[in-house]
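What follows is one structure encoded as structure tokens, with my remarks underneath.
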Amino acid sequence: FTSTVRKVLVRLRGSYSLVFMCKFEPDKIICSKKDNPLIVGLGQGENYIASDIPAILSYTRKTYIMNDGEIAIVMKDNVWVTDLEGKPISKKVFEVNWDAEAAEKGGFEHFMLKEIYEQPKAIKDTMSCRITKDGKHVHFEELNWTPEDVKSIGKILITACGTAYHAGLLAKYFIEKLARIPVEVDIASEYRYRDPLTDSKTLCIVISQSGETIDTLAALKEAKRRGARSLAVTNVVGSSISREADQVAYTWAGPEIAVASTKAYTTQLVTLLLLSLYMGRLNGNLPVDREEKILADLTKLPDQCQAIFDQVDFIKGLCSAFKDKEDVFFIGRSMDYGLAMEGALKLKEISYIHAESYAGGELKHGTLSLIEAGVPVIALATQLEVEEKMISNIKEVKARDAYVVGVVQDGDTEVGKTVDDLIKVPASDDFVVPILAIIPLQLLAYYIAVSRGNDVDKPRNLAKSVTVE
Ligand code: M6R
């Protein structure tokens, strides 16, 4: 059985995680992988094979994380790992330190809702280990960069998929404004095929909750092949991406089970904002008082989430205006544009309502023709720098009788005069407020999807980890 499996594996092409069984040796399971995730859970008198840690969390914390080119021969009492030629490999046991409850709904109707409510803790866990005790500076012990390390970066390339890509879009604003380093952001599946201008002066940042998205992993390999230094922002310790990147900055969100990403996204934003402050200070582009001010606001964020949770009944009440619509538009400028993209993705993936995001200034270049009476428009207007322009955009859609829900910083007096309904998020620094402002959009998407009777945690046609191209 084992030698047949070896013979088969050397002839296979593509990416896979495979499990083999043989009717003549029923007490043995053999598994192997290439580019796709595979773990072996080590129990007492029982062992497990899975693609993801949460699947085995309630049975064991001890795992082998399988690498390409390895074969695990799994029996009830023993696990042997060899290479493709049968040479034994001595594997290190990887102990998972997640809480078992993290893989349970804990009284919530869906994982997504639980994960939305876990954001204050996830954000706190992600930032507190990276802010000095006096609250004035950022430090990334795991990176330990020198000023020269940052000054030698010619360009930053951010590549990711889906929600993680949207976090990357906001990171472009963070890094360019705070550290003054040019940033390009690319969808991982596009980056690979465009013959990119990546070299040894490029820092490639890949963002991935799972650390297993195949396109992101491939983009990372491609950037490295072209000479780039690499940094992964990921949530899963020991994931393929964390092992492939030169350095890793983990988001400490805990396991995210729902397909729709929520707490992973906000912790990615927190990590990327901290990273921008870190780079800005190291390369001398960020004034000390600016760092202190942003950090002061960032540390208030976990408590401020409560102010949004307090509006949940109001947000639920808005659902009836969306529930039976076919199209919803999200508009925003500057960082709110990135936020609009994430808000639209959240809505479409779980409610199955067509949702589009547009930069406010782009409306009159085509999209405005789609706006007619009653079409819902979510107008994100949290960025004070561009508020006036955003108000003009809101007036453009109101003039066509759209139904407009504004999202603003608390205390705003202007936007409320032009919209039909208003969601207020606690006032904060312009860099911090998008992290808060996504939460009502997550809640809105969630309750709309519930009201349509959808399977929120497992939306149709989607998977949590996209390990196929
Ligand atoms: O695990 P990753 O962060 O690499 O996943 C990337 C996307 O597949 C993921 O963010 C997807 O877009 C989410 N389902 C969106 O909620």
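The values are calculated or read from the model by the stated rules, or taken from the named source; none is laboratory data. All values reported here derive from a predicted model rather than from experimental measurement. Using ideal geometry, Cβ is built from the backbone for each residue, glycine included, and neighbour counts are taken over all protein chains shown.
Things to note:
- Exactly one residue out of 203, 217, 197 is buried (at least 24 other Cβ atoms within 10 Å of the Cβ) and away from the ligand (no atom under 14 Å from the Cβ), and it is 203.
- When 256, 222 are checked against the criterion of being charged (D, E, K, R) and either buried (at least 24 other Cβ atoms within 10 Å of the Cβ) or within 28 Å of residue 112 (Cα to Cα) (or both), a single residue qualifies: 256.
- Residues (more than 16 Å from the ligand (Cβ to nearest atom), outside any loop (DSSP other than H, G, I, E, B) and charged (D, E, K, R)) located in the range 260-316: 281, 289, 290, 291, 292, 293, 297, 300, 303, 313, 316
- The set of residues in the range 68-81 being buried (at least 16 other Cβ atoms within 10 Å of the Cβ) and touching a Leu at 6+ places or on another chain (Cβ under 9 Å) consists of 70, 71, 72, 79.
This table checks each residue for (1) surrounded by fewer than 21 Cβ atoms within 10 Å (Cβ to Cβ); (2) of a type in the set (A, V, I, L, M); (3) in a strand (DSSP E or B); (4) within 11 Å of the ligand (Cβ to nearest atom).
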site	(1), (2), (3), (4)
423	no, yes, yes, no
427	yes, yes, no, no
431	no, no, no, no
450	yes, yes, no, no
454	yes, no, no, no
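- Per-region count, the range 223-244, residues away from the ligand (no atom under 13 Å from the Cβ) and under 21 Å from residue 166 (Cβ atoms): 3
- Selection count, the range 82-124, where residues are surrounded by fewer than 18 Cβ atoms within 10 Å (Cβ to Cβ), under 16 Å from residue 48 (Cα atoms) and β-branched (Val, Ile, Thr): 1
- Of all residues in the range 222-259, exactly one satisfies the criterion of being β-branched (Val, Ile, Thr) and part of a helix (DSSP H, G or I), namely 241.
- Strands (runs of 3 or more DSSP E) enclosed by the range 320-410 - at least 1 residues per element that are among the hydroxyl-bearing types (Ser, Thr, Tyr) and either touching a strand residue (DSSP E or B) at 6+ places or on another chain (Cβ under 6 Å) or within 16 Å of residue 433 (Cα to Cα) (or both): 354-359, 403-409
Each row is one residue, and each column tells you yes or no for (1) over 30 Å from residue 275 (Cβ atoms); (2) within 16 Å of the ligand (Cβ to nearest atom); (3) not assigned by TED's automatic domain parsing to the domain that holds residue 320.
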residue: 417; (1), (2), (3): yes, no, no
residue: 460; (1), (2), (3): yes, yes, yes
residue: 464; (1), (2), (3): no, yes, yes
residue: 469; (1), (2), (3): no, yes, yes
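- Every test in (1) at pLDDT 95 or above; (2) closer than 19 Å to residue 267 by Cα; (3) in a loop (DSSP other than H, G, I, E, B) is passed by residue 180 save one, and that test is (2).
- Residue check for residue 264: within 24 Å of residue 458 (Cα to Cα), touching a residue at least 60 places away in the same chain (Cβ under 8 Å) and of a type in the set (A, V, I, L, M, F, W, C): yes
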